[in-house]
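> There's a structure below that I have some questions on.
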Amino acid sequence: DQQVKQNSPSLSVQEGRISILNCDYTNSMFDYFLWYKKYPAEGPTFLISISSIKDKNEDGRFTVFLNKSAKHLSLHIVPSQPGDSAVYFCAAVFGNEKLTFGTGTRLTIIP
Amino acid sequence: GAGVSQTPSNKVTEKGKYVELRCDPISGHTALYWYRQSLGQGPEFLIYFQGTGAADDSGLPNDRFFAVRPEGSVSTLKIQRTERGDSAVYLCASSSNLAGGVDEQFFGPGTRLTVL
């Protein structure tokens, strides 16, 4: 039972354009959502998060949008840079405990 | 090094053998998590420690898997009678688990376990 889903396994975007990564969840008890970025042979690193009481959080080039009624969140990266090429994981948490991850989206930025 | 470290980085073993995977969390972090990432999947939760005690071990797949954190710092994940299906990257994370909000989990680079 996949509670957090990332339906696009891969995405290619031209450098300088906007990258939009999507995530859907099924458990309405989740109260915090996070995006992690992962390079090969490294552990995931935290990127940005959003509380369930908000609908938008912005940090530099990264913005996360949350639509609770649709149980959907998205990560926008603008402008996209070559160093953004990585696997991006959406994760959700209930309380302050274990993360439930999606299956990841491999983002490739084309120079 | 101030980050989470894991040893070994790679472990190849034969079916039926016993393995131990070690995690050194960030100094002072009271919460420690183990996750397992299979090919093409996201990390899946295994067990969570708060101090020395396992606060949630609901993700351990069966009784061949066991983890300890005797002094509230270093943790060891132990797998008995390994099976080919145990092959995965085992990730460890730690957080400060301060009161209020959700604390960022800092991940180590993982141990890639291959069971032949």
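The values are calculated or read from the model by the stated rules, or taken from the named source; none is laboratory data. No experiment lies behind these values; they were computed from the predicted model shown. So basically every Cβ, Gly included, is an ideal-geometry build from the backbone, and we count neighbours across all protein chains shown.
> Do you know which residues across the range A:58-111 are at pLDDT 95 or above, of a type in the set (Phe, Trp, Tyr) and in contact with a Phe, Trp or Tyr (Cβ under 7 Å, 6 or more places away or on another chain)?
Passing the criteria: A:TYR88, A:PHE89, A:PHE101.
> Also, I was wondering about something else. Looking only at the range A:38-53, which residues are more than 11 Å from chain B (Cβ to nearest Cβ) and surrounded by 14 or more Cβ atoms within 10 Å (Cβ to Cβ)?
Across the range A:38-53, there are no qualifying residues.
> Only one residue in A:VAL64, A:VAL13, A:VAL4 is surrounded by 14 or more Cβ atoms within 10 Å (Cβ to Cβ), β-branched (Val, Ile, Thr) and at the interface with chain B (Cβ under 10 Å from one of its Cβ atoms). Which one?
Matching residue, one of A:VAL64, A:VAL13, A:VAL4: A:VAL4.
> To continue, here is another question. Is it true that some residue in the range B:32-47 is more than 10 Å from the chain's Cα centre (by Cα) and away from chain A (no Cβ under 14 Å)?
Taking every residue of the range B:32-47 in turn, none turns out to be more than 10 Å from the chain's Cα centre (by Cα) and away from chain A (no Cβ under 14 Å).
> Of all residues in the range B:1-31, how many are within 9 Å of another protein chain (Cβ to nearest Cβ) and in a loop (DSSP other than H, G, I, E, B)?
Result for the range B:1-31: 3.
> Test each condition in (1) aliphatic (A, V, I, L, M); (2) touching a residue at least 40 places away in the same chain (Cβ under 8 Å); (3) out of contact with any strand residue (DSSP E or B) (no Cβ under 7 Å at 6 or more places or on another chain) for B:ALA2 and report the one that comes out false.
(2)
> Any idea how many residues of the range A:73-108 are more than 25 Å from B:SER95 (Cα to Cα), without any contact (Cβ under 8 Å) to a residue 60 or more places away in the chain and part of a loop (DSSP other than H, G, I, E, B)?
Of the residues in that region, 1 qualify.
> Checking the condition touching a residue at least 12 places away in the same chain (Cβ under 8 Å) and in contact with a Cys (Cβ under 6 Å, 6 or more places away or on another chain), which residue from B:GLY108, B:GLY16, B:GLY72 passes?
The unique qualifying residue is B:GLY108.
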